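A.B. asks: Structure in structure tokens, see below.
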Amino acid sequence: PDGKFLFSKSRNQVKVYARDIATGLLTAEPSKTIDFGGSNAVSNDDISSISPDGQKFAIGMAGAAKLVVYNIDQTTGELSSAGEIPRITGIGSFYTAMSFSDDSAYLYTSQTSRSTIYVYKVEDFTEVQAIGLPNVMQNHTTLITVSRGFNILYATPRNSGEKDDKKIWKFDMSESDGTITYGSISALSDDSIRDLAVLGENKILTSSISA
């Protein structure tokens, strides 16, 4: 949260950079690089997220079909293993989106070809919930994002060709156990949505391909 470090994923590696707060200049710190290699190779299909409290760095690895979480040393920026979630079972499947809860206690993820949101407890990586998007025409790769400070999660199928599936769903998030419940359809789109972000409680930013 203090902006002192930057984490960058590249082929087979996650690199750590120290950031000068005054100038914004970055200095590579090779000794802190995490090297995966082999079947754990990091690829362009991977996603990553840092918890709001700055304590955890998570990366969904397409090559290894799993999600790994690291502790972030608040003084040095060094990463150390906190655990992993070997949730992917489908051939060719990988994680497509993830977001932490506001209190950093829960991690919300989605996967390729599954119109489902998975909720994990960060403390022990147990699955808390798996909930599907309501009334979708078929399984889709799902995009998710959390609206910070409002306990709301938004989800939508990515690049859906089905007219009835071009929706953005709103879910309410429980502060007590991290579970989510379906609230409403927040928006309809004429285009196939490729990315999703929240600007505020009632403002959603998307990128899309025109139909």
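A.B. asks: Could you tell me how many of the residues in region 131-168 are open to solvent by 40 Å² or more (accessible area, probe 1.4 Å), within 18 Å of Ile180 (Cβ to Cβ), at pLDDT below 85 and in contact with an Asp or Glu (Cβ under 7 Å, 6 or more places away or on another chain)?
C.D. replies: Residues in region 131-168 being open to solvent by 40 Å² or more (accessible area, probe 1.4 Å), within 18 Å of Ile180 (Cβ to Cβ), at pLDDT below 85 and in contact with an Asp or Glu (Cβ under 7 Å, 6 or more places away or on another chain): 3 in total.
A.B. asks: Does Thr89 fit the bill of being in a loop (DSSP other than H, G, I, E, B), at pLDDT 90 or above, among the polar types (S, T, N, Q) and open to solvent by 20 Å² or more (accessible area, probe 1.4 Å)?
C.D. replies: no
A.B. asks: Can you tell me which residues in region 106-125 are part of a loop (DSSP other than H, G, I, E, B) and at pLDDT below 90?
C.D. replies: Within region 106-125, Thr112, Ser113, Arg114, Ser115, Phe125 meet the criteria.
A.B. asks: Another question, if that's okay. Which condition does Val128 not pass, out of (1) closer than 29 Å to Gly83 by Cβ; (2) in contact with a strand residue (DSSP E or B) (Cβ under 6 Å, 6 or more places away or on another chain); (3) modelled with pLDDT under 90, if it passes all the others?
C.D. replies: Exception for Val128: condition (3).
The values are calculated or read from the model by the stated rules, or taken from the named source; none is laboratory data. As the structure is a computational prediction, the values presented were derived from the model and not from experiment. For neighbour counting, all protein chains shown are included, and Cβ atoms are generated from backbone atoms with ideal geometry for every residue, glycine included. Surface areas here come from the heavy atoms of the whole protein model, side chains and all, with no ligands, DNA or RNA. Shrake-Rupley method; radii C 1.70, N 1.55, O 1.52, S 1.80 Å.
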